[in-house]
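So the structure is just underneath, and the comments pick up after that.
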Amino acid sequence: MIELTHLQKVVEQTTLIDIDALRVGAGEITAVTGLTGPHKQAFLDLLTGKSQPTAGSVSLAGHNPVLQPHHFAQKVGILPTQNGLYMRLTVRQNLKLYAELYGLPATAVENVLVRVGLTDRMHTRVDVLSPGLARRLALGRALLHQPDVLLLVDPFLECDETAVTWIIRLVTEIAAKGKAVLVIAHESADIVRLSHQIVIMEKGKPVQWYAADERRPQEQTLFRIPAKLEGKVALINPVHILYAMAEDGQTLLVTENGRIPTHLTLSDVEKRLARSGFFRTHRSFLVNLQYLKEIISYTRNSFTLILENGSDTIEVPLSKGAAKELRDLLDY
């Protein structure tokens, strides 16, 4: 079980995390979305014991990660954003190394190889694995000691569809055996497929909860964006829009699959997405803040946003006026 109670983290008079109550029971998979920058890092630090809460409590598998780090390590498995694998070692050698750190028998390694489907790659060096296979290996490492709680950070990062499907199936099976799973990631169709419930955060505070088998209120047709697609009109889910832009008198919706034209003006799109986490960064750009990775200040009056799309990054202009508004919005 995971329990966060009256949890707050304040740094330099800025509240980064403010969660009254969040509970993930045995057999449940909960995804926390909408965390970016310092808010996301503060949340991860609280969950893993790297930081003390300003107020409230954190309990994973019945243990406080700060006060009981040894018990925490024995009961919690973590898949971080970065795989943290030894690139020059083989798949099996990586698992064997961590198994020895946990004092586990060799059978633990063999069992995990089967679970993540890498038995036929056990003698392959990590540096020649595809990103999807490497991600499955990193998940396998988190499962070696059969933890009661799983923390998954951006579980599908750099994964192809095969890896995503494998991870969803495996994590679902693990939860069905009574394990509690907490996912921290950008909201996406795959995250919804994986999870039982979704918690949407803004500025480190929950603003909406919904069950994955229910339609999120923002996803009603009113808030979807009509677009021209191969001779027909499609309704584009805002979750899949990285940003919208005005170019040569036309508005384009930029998704993972490319640019899609819409008959709406950029201002019309902005009005429809006002409650969906979009921000006008420039007169010609409307950005989905769920994909925001960092803000770069080149000079006092020159700014750029970096958006994260899997393993790719995208640069989007940020005007001076919008930079000030965004600073106030994100509290940075």
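Candidates in the range 185-199 are the residues that are at pLDDT 90 or above and surrounded by 21 or more Cβ atoms within 10 Å (Cβ to Cβ); of these, the one that is nearest to ILE17 (Cα to Cα) is VAL199.
Output the residues belonging to the range 273-288 that are of a type outside the set (Ser, Thr, Tyr), more than 16 Å from GLU247 (Cβ to Cβ) and buried (at least 17 other Cβ atoms within 10 Å of the Cβ). LEU273, GLY277, PHE278, PHE279, ASN288 - these are the residues of the range 273-288 that are of a type outside the set (Ser, Thr, Tyr), more than 16 Å from GLU247 (Cβ to Cβ) and buried (at least 17 other Cβ atoms within 10 Å of the Cβ).
Look at the range 131-180 and say how many of its residues are out of contact with any helix residue (DSSP H, G or I) (no Cβ under 7 Å at 6 or more places or on another chain), aliphatic (A, V, I, L, M) and under 19 Å from ASP120 (Cα atoms). Total meeting the criteria: 1. Taking residues in the range 19-47 that are at positive phi, and partners anywhere that are assigned to a strand (DSSP E or B) and among the hydrophobic types (A, V, I, L, M, F, W, C), the pairs with Cβ atoms closer than 7 Å and at least 6 places apart or on different chains are GLY34/ILE200; GLY34/MET201.
Output yes when any residue across the range 230-245 is closer than 30 Å to PRO206 by Cβ, free of Cβ contacts under 8 Å to residues at least 24 places away in the same chain and outside any helix (DSSP H, G or I), and no when none is. Yes.
Checked against (1) farther than 18 Å from SER188 by Cα; (2) modelled with pLDDT of 80 or more; (3) part of a strand (DSSP E or B), ASP268 passes all but condition (3). Within the range 309-323, the residues that satisfy the criterion of being surrounded by 11 or more Cβ atoms within 10 Å (Cβ to Cβ) and at pLDDT below 80 are ASN309, GLY310. The test for being farther than 23 Å from LEU35 by Cα, in contact with an Asp or Glu (Cβ under 7 Å, 6 or more places away or on another chain) and either at pLDDT below 90 or among the hydrophobic types (A, V, I, L, M, F, W, C) (or both) holds for ALA175.
If we keep just the residues of the range 113-157 that are of a type in the set (Val, Ile, Thr) and in contact (Cβ under 8 Å) with a residue 60 or more places away in the chain, which is surrounded by the most Cβ atoms within 10 Å (Cβ to Cβ)? Talk me through it step by step, then tell me what you get.
In the first step, residues of the range 113-157 are kept if they are of a type in the set (Val, Ile, Thr); the result is 114, 116, 119, 124, 126, 128, 149, 153.
Subsequent filtering for residues that are in contact (Cβ under 8 Å) with a residue 60 or more places away in the chain retains 149, 153.
Values: VAL149: 23, VAL153: 19.
Residue satisfying both the conditions and the ranking: VAL149.
Within the range 257-292, the set of residues being free of Cβ contacts under 8 Å to residues at least 40 places away in the same chain and within 22 Å of LEU35 (Cβ to Cβ) comprises just one member, ALA274.
The values are calculated or read from the model by the stated rules, or taken from the named source; none is laboratory data. Computed from a predicted model, the values in this text were never measured in an experiment. So basically every Cβ, Gly included, is an ideal-geometry build from the backbone, and we count neighbours across all protein chains shown.
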